[in-house]
Amino acid sequence: MMAQTAPMPQQPSFPQDTVPAEIVVTGEDDSIQVSAKLRPLRQIAGAPAAFYTYFWELGDGTFSFSKTPELHYKDTGTYQVRLYATNNYDDGKAPPTKPRPIKVKKPLKPAIWASHFFRSNGNIEMKINSNPKPGEDFVALIGYRNVTGEVPSGSLVLFYNERQFDRSCFNIADTRNYSGMDSSSMQALLAQVEGNPEILLARGPAAGGGYTPNAAAKALLLNMQQAYSGHTVMKFNAMDQTAEKFLFVTMHTLPEMIADTNAVVSMTAILVPDNPSLQPEAFTLEMPVVASHDPNRMQLKKRRINYRLMGKKKELTYKVQFQNTGKGPAKKVAIGIAVPKQLNTETVAINSMSPVCIACDSAYNTQSCIDTVRTKDSLYFVFKNIYLPGMQQDGVADPDSTKGFISYTIRFKKKPKKIPFSSSAAIIFDKNEPIYTNRATAKFIKGISPAIVAGYTFSPDKGDYTLKGPLQLGAVLAPFAPSRPYFQLEAYAGLLEKEVHENGFTRDKRDTTVDGRAYMVSGRSSATTVNRSSLQVVPLHFRYNITRWIGVGAGALAQVNISTKTTIENRAYLSDFQQPNVVLKTVSSTVTENTAWFASFNAAAFADLQIGSVKAGPAVGLRYIRQVTGNTPNRFFVYAIYRL
């Protein structure tokens, strides 16, 4: 599930935020160039200088990250050009995208277009033009190819909206391809990988006749369906070995995601070859949900921690991303990280990095390397002797080449208090001023802690009045192992409550006859006994655990007496006429009233003390209950509790 935080206020809308980017076409004959007129940037106070980054979808399956790309269409026709501009360090919204048709009447000057897209040797990869921001669109660019020549046809599947979050993150606004792909379905794809002959035959002769199952593809698809709630399936054919093709998917980040800013979400793209003997390939892209576009970020993967299941060896995975937005290359990048006091810097281990470097303690003097410095409350990662191009540097066509990151794991010193904690980084390129990142905050899943309670209520004797019981059995519902003040709910059933009130001795000089003998009645007394069964509810109980072993609380309770049975015993004390002070015999009579149901209601305030394992486990408690309404006296409740 995603963490739930207090909703952030929505940024105000300015009229210019709704104006689409104006695409300007210049040049003629065999050379055409496009550029854009965009609204002025609104600088975020204290941030580096605001700037735009560009992603052009050129309408023929090619794209560009250049500010002013040249167009090199092979054929004549009308091409729909789209610009997705990202407003970095700007407090407004990204300019809306509106396609501009460009009509090409004759072939343009030929040029070799290079995508610079694939970073590995696989057949599928994915990237996005900007991090998802609530209420805005971004483009997921899925590249696929046939490196070995063994995958001329197959299916692409994009999975999105992880089930671990309690809300949908995205929906698909539009899907565009320029290579003749066909829309398909998960049902058809599963039938294919399972080798279902009936469904395959219904697709016609092109489906083939082997019906060989692809167990690996089926298992992967089923696992992805368990992890994600949304997907789209596209079918491709006739893929040449040298070709690189791309699927453009416009994703809309739902406004509700404003509550999950800085959460790390993922999408997974899968390539399933039609050839069942080939393994499927998957590419997972992790993305932080952002409140503003900033290429220098710190993110915490799985920032919502299950406190019940965590231990001292629980690892957190952080990632610091950086980008050289300057006009020249950076040779040194220093990253300073403020480490929360709950974490142990001695347990830091680097997972991955870009650019990839060896440790400086094993490098020669001028070799590219990374140095790691640990202190009690901070970390320093220093990339030395590297070449990180600047985004505004001449000749830089691939914006990814200007980016880098460091990913590391770190463990807790001990099981911490259940309180959120944050970390942030400062990034220094060469000798420039530091750039400060966002704060990556870890939060604990609140969790529910049920408990069972058994106890006994008593009131100090007051001469002729005694109260015993009730014996109480109850249930409690509270947050799990809280470190801050919290509320809890309670309910109890009260049994075997007995209240006895002696009315005292009254002298009486009358005479009477019992069993044929005359006596003098020297006095009379009576006792009223009330037996009750009750239901007690505690709607308000405010508690605080001072330590792991001591907790205090205060609150209010309401008690309904479900059944009340009253018995009155009248006693007469008999003596001889000659010795009136000597009681010879006592006679009594008993009157039992009808049981009264729901006869009375009581309200009380209380103060409470617990000693033991007060966060989770067994403890004992003492509660003083002061009556507010009703005729029940003030009393004490001693009990044992076990929290799960």
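How do the pairs read when you match residues in the stretch 67-87 that are free of Cβ contacts under 8 Å to residues at least 24 places away in the same chain with residues anywhere that are β-branched (Val, Ile, Thr), using Cβ under 9 Å and keeping only pairs 6 or more apart or on different chains? Hits for this filter: GLN80/ILE102.
Across the stretch 138-171, the number of residues qualifying as at pLDDT below 95 and among the hydrophobic types (A, V, I, L, M, F, W, C) comes to 5. Among residues of the stretch 97-113 that are surrounded by 12 or more Cβ atoms within 10 Å (Cβ to Cβ), those with a beta-carbon under 6 Å from a residue that is modelled with pLDDT of 75 or more and not in a strand (DSSP E or B) at least six positions away or on a different chain give the pairs LYS98/PRO20; VAL104/TYR73; VAL104/THR76; LEU108/HIS72; LEU108/TYR73; TRP113/THR62.
A search for C-beta distances below 9 Å between a residue of the stretch 395-412 that is on the phi > 0 side of the Ramachandran plot and any residue that is at pLDDT 95 or above, counting only pairs 6+ apart in sequence or on different chains, returns nothing.
With PRO152, PRO101, PRO134 as the choices, which residue is touching a helix residue (DSSP H, G or I) at 6+ places or on another chain (Cβ under 7 Å) and either assigned to a loop (DSSP other than H, G, I, E, B) or under 23 Å from GLU28 (Cβ atoms) (or both)?
PRO134
The residues in the stretch 587-614 that are part of a strand (DSSP E or B) and either among the aliphatic types (A, V, I, L, M) or closer than 21 Å to SER534 by Cα (or both) can be counted, and the count is 18. Selection of first residues in the stretch 514-526 that are farther than 17 Å from PRO580 by Cβ and of second residues that are among the aliphatic types (A, V, I, L, M) and assigned to a strand (DSSP E or B), restricted to Cβ pairs under 8 Å at least 6 apart or on distinct chains, gives the following pairs, ordered by first then second residue: SER526/ILE568.
Scanning the stretch 67-82 for residues that are touching a strand residue (DSSP E or B) at 6+ places or on another chain (Cβ under 7 Å) and more than 14 Å from LEU141 (Cβ to Cβ) returns LYS67, THR68, PRO69, GLU70, LEU71, TYR73, THR76, GLY77, THR78, TYR79, GLN80, VAL81. Assess whether PHE458 counts as being over 30 Å from THR409 (Cβ atoms), surrounded by 14 or more Cβ atoms within 10 Å (Cβ to Cβ), among the hydrophobic types (A, V, I, L, M, F, W, C) and out of contact with any Asp or Glu (no Cβ under 6 Å at 6 or more places or on another chain). Yes; evaluated as a whole, the condition is true for this residue.
Considering only residues that are of a type outside the set (Ser, Thr, Tyr) and either crowded, with 17+ Cβ neighbours inside 10 Å or within 10 Å of CYS357 (Cβ to Cβ) (or both), which ones fall in the stretch 367-381? Answer for the stretch 367-381, where residues must be of a type outside the set (Ser, Thr, Tyr) and either crowded, with 17+ Cβ neighbours inside 10 Å or within 10 Å of CYS357 (Cβ to Cβ) (or both): GLN367, CYS369, ILE370, ASP371, LEU379, PHE381. Looking at the stretch 341-451, the strands (runs of 3 or more DSSP E) lying wholly inside it that each contain 1 or more residues that are touching a helix residue (DSSP H, G or I) at 6+ places or on another chain (Cβ under 6 Å) and of a type in the set (Asp, Glu) sit at 369-374. Residue count for the stretch 533-586 under the criterion of being among the β-branched types (Val, Ile, Thr), under 19 Å from PRO479 (Cβ atoms) and not in a strand (DSSP E or B): the result is 2.
Determine which member of the set ALA527, ALA558 is assigned by TED's automatic domain parsing to the domain that holds SER459 and surrounded by 13 or more Cβ atoms within 10 Å (Cβ to Cβ). Exactly one residue qualifies, and that residue is ALA558.
The values are calculated or read from the model by the stated rules, or taken from the named source; none is laboratory data. This is a predicted model, so every value here is computed, not measured. Quick reminder, even Gly has a Cβ in these numbers, built from the backbone with ideal geometry, and neighbours come from all protein chains shown.
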